[in-house]
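Written below as structure tokens is the structure these notes are about.
The values are calculated or read from the model by the stated rules, or taken from the named source; none is laboratory data. Computed from a predicted model, the values in this text were never measured in an experiment. Here the Cβ positions follow ideal geometry from the backbone for every residue, glycine too, while neighbour counts run over all protein chains shown. In case anyone asks, the SASA skips ligands and DNA or RNA and just uses the protein heavy atoms, side chains included. Shrake-Rupley method; radii C 1.70, N 1.55, O 1.52, S 1.80 Å.
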Amino acid sequence: MRAVISVVGKDRTGILAYVSNVCYEHGMNIEDVTQKVMDEFFVMIMIVTVPDENHENFVNLVNEIEADGQKHALSIHVMHEAIFNAMHTI
């Protein structure tokens, strides 16, 4: 399955490396990424593939990643691709 990860935080060195490492630790493959620095804020959206073994524990995975992001002063949101698509379909 695929998921959408959004990241927002005050710009500093290493944010992309940190989030990429989190994805690696959970076996996620980054399919696409876009990032931009807007004023002093770092903004990034990633499309990732979540391995089959994480499907059943997806809610726990999301909670863990989002809580860990808060420890690093980042707002990280992980959303299943189907939910993301449903929210953006008129």
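Observations on the model:
- Number of residues in region 36-82 that are modelled with pLDDT under 85 and either touching a Cys at 6+ places or on another chain (Cβ under 8 Å) or open to solvent by 90 Å² or more (accessible area, probe 1.4 Å) (or both): the value is 3.
- The C-beta contact set for region 19-43 (first residue farther than 19 Å from residue 66 by Cα, second residue polar (S, T, N, Q) and open to solvent by less than 100 Å² (accessible area, probe 1.4 Å), distance under 9 angstrom, 6+ apart or interchain) comprises 31/49.
- Single match in 35, 70 (criterion: of a type in the set (S, T, N, Q), outside any strand (DSSP E or B) and more than 11 Å from the chain's Cα centre (by Cα)): 70
- Taking the numbered list (1) aliphatic (A, V, I, L, M); (2) exposed (fewer than 12 other Cβ atoms within 10 Å of the Cβ); (3) more than 18 Å from residue 11 (Cβ to Cβ) in turn, residue 28 passes all entries but (2).
- Near pairs, Cβ below 8 angstrom, 6+ apart or cross-chain, from region 66-78 (on the phi > 0 side of the Ramachandran plot) to any residue that is surrounded by 10 or more Cβ atoms within 10 Å (Cβ to Cβ): 73/9; 73/10
- Matching residues in region 1-20 - criterion: being in contact with a His (Cβ under 9 Å, 6 or more places away or on another chain) and open to solvent by 70 Å² or more (accessible area, probe 1.4 Å): 2
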